[in-house]
Amino acid sequence: MKPFSYARAESPDAAVAEHTEGSAYLGGGTNLVDLMRLGVALPNRLVDVTRLPCDRVEDDGGGGGLLIGAAVRNSDLAAHPAVRERFPMLARAVLSGASGQIRNMATVGGNLLQQTRCSYFQDVTRACNRRERGAGCSAREGDHHNLAIYGHTSECIATHPSDMAVALAALDATVLVHGRGEFSLDELYGDDPAENSALRPGDLITHVRIPPSPRMTGTYKKVRERASFAFALVSIAAALDVRNGVVQDSRIALGGVAAKPWRARRAERELQGKSATRSDFARVAEAELEDAQPLRDNGYKIALVRGLIVRTLEELS
Ligand SMILES: Cc1cc2nc3c(=O)[nH]c(=O)nc-3n(C[C@H](O)[C@H](O)[C@H](O)COP(=O)(O)OP(=O)(O)OC[C@H]3O[C@@H](n4cnc5c(N)ncnc54)[C@H](O)[C@@H]3O)c2cc1C
Ligand code: SF4
């Protein structure tokens, strides 16, 4: 491992001041330290942000929204009574990820900015545009069975691994970046899959804000290669408001299909005013799939997305 220095920051201002060129913020270290061991991440300095005063889940205004500190551990987030009661979809998403031990260490900020699990990204002997712009993408002609079907480019076809981010996207959450303002999940990740996020070096996430939710039943479902300890092949965070058999409102985000949580806006638009029936849900799924661009070996994700949308909406209606 490359030698590095270490500093622990007690405030967001101090963290940003400690972050010099080549530094990385250290959350729980469950992703970053693995990447350092593999020689993929080579920071010369770690700025520990786990002691920042951003370690609480608080009410945000009076309407039922929440302000979640970036240093809150994943286990604490999933167990928090306000999260379980108001946003069970988020608790489910977090609990579907990693293991109990990892969730005890992992932070909200680190979970959002964890790196893709594309196997070539983690192998420094293989070409990868995410590690080195212009080097090429080994996955395009190699093993990409678990990679993107939406929003990919000739440069990169990676997927984002976070379950939490998918639920947050469906909940219209925003991410507070110290001194820079508030970003939607879409803005946080940007449109270039070869970049892990649209943030600049030194940008520090301090909180995540979840606005008050309209009264909707919501859930999170994840399809993976084995029952636990595996990243999503496809996942869905969905919420539905059905009255008298007619859909009034919906939120749908997909995971495991793009380099960011994929907000299924087309499906949401199509659902408005439709009857809550299997045949209408199937039509809505087809509409969302019109934008999909499956690769040589991941066409099976089309059927997974279709099935997951229909089954989840049926369950919620
Ligand atoms: C075996 C295994 C299985 C897993 N399975 C899943 C899964 O199924 N679903 C899932 O969602 N996750 C899964 N994870 C990922 C795990 O949840 C992440 O490793 C974790 O959330 C990262 O959090 P961390 O605090 O340890 O981040 P770190 O490893 O400390 O940091 C990750 C990145 O975020 C940056 N960072 C950290 N905090 C901040 C901040 N406040 N502001 C700006 N940048 C910051 C770091 O510099 C680094 O680049 C798995 C991990 C492992 C090891
Ligand atoms: S898909 Fe992206 S992360 Fe994977 S090898 Fe290609 S450029 Fe690298």
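The values are calculated or read from the model by the stated rules, or taken from the named source; none is laboratory data. Here the structure is a predicted model, which means the values were calculated and not measured. Note that each Cβ is placed from the backbone with ideal geometry, even for glycine, and that neighbours are counted across all protein chains shown. Just so you know, the surface numbers come from the protein's heavy atoms only, side chains and all, with ligands and any DNA or RNA stripped out. Shrake-Rupley method; radii C 1.70, N 1.55, O 1.52, S 1.80 Å.
Summary table
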| read-out | value |
| --- | --- |
| Enumerated helices (runs of 4 or more DSSP H) restricted to the range 87-143, each holding at least 1 residues that are in contact with a Phe, Trp or Tyr (Cβ under 7 Å, 6 or more places away or on another chain) and more than 16 Å from ligand 2 (Cβ to nearest atom) | 88-95 |
| Unmet requirement for L67, which otherwise passes all of (1) farther than 21 Å from D203 by Cβ; (2) buried (at least 17 other Cβ atoms within 10 Å of the Cβ) | (1) |
| Given (1) of a type in the set (A, V, I, L, M); (2) in contact with a Leu (Cβ under 9 Å, 6 or more places away or on another chain); (3) touching a residue at least 60 places away in the same chain (Cβ under 8 Å), number of the condition A139 does not satisfy | (3) |
| R73 vs. criteria closer than 21 Å to E182 by Cβ, more than 15 Å from the chain's Cα centre (by Cα) and surrounded by fewer than 24 Cβ atoms within 10 Å (Cβ to Cβ) | no |
| So D76, is it of a type in the set (D, E) and not in a helix (DSSP H, G or I) | no |
| Any hit, the range 202-218, residues being within 16 Å of ligand 2 (Cβ to nearest atom) and either open to solvent by less than 20 Å² (accessible area, probe 1.4 Å) or of a type outside the set (F, W, Y) (or both) | no |
| Qualifying residue in the range 232-239 (condition: open to solvent by less than 70 Å² (accessible area, probe 1.4 Å) and over 15 Å from the mean Cα position of the chain (by Cα)) | yes |
| Answer residue from the range 19-47, given it is within 9 Å of ligand 1 (Cβ to nearest atom) and in a strand (DSSP E or B) and is nearest to L176 (Cα to Cα) among those | Y25 |
| Residue match in the range 97-105 (condition: among the polar types (S, T, N, Q) and within 14 Å of the chain's Cα centre (by Cα)) | no |
| Boolean, G134 is at positive phi, away from ligand 1 (no atom under 12 Å from the Cβ) and of a type outside the set (S, T, Y) | yes |
| Strands (runs of 3 or more DSSP E) wholly inside the range 160-255 that include at least 1 residues being more than 16 Å from ligand 1 (Cβ to nearest atom) | 181-184, 205-210, 217-223, 234-243, 246-255 |
| Condition met for E58 (in contact with a strand residue (DSSP E or B) (Cβ under 9 Å, 6 or more places away or on another chain), more than 21 Å from Q115 (Cβ to Cβ), within 13 Å of ligand 1 (Cβ to nearest atom) and without any contact (Cβ under 8 Å) to a residue 40 or more places away in the chain) | no |
| Any hit, the range 268-291, residues being touching a Pro at 6+ places or on another chain (Cβ under 6 Å) and within 25 Å of I157 (Cα to Cα) | no |
| S228 within 17 Å of R92 (Cβ to Cβ), out of contact with any Pro (no Cβ under 8 Å at 6 or more places or on another chain) and either exposed (fewer than 15 other Cβ atoms within 10 Å of the Cβ) or without any contact (Cβ under 8 Å) to a residue 12 or more places away in the chain (or both) | yes |
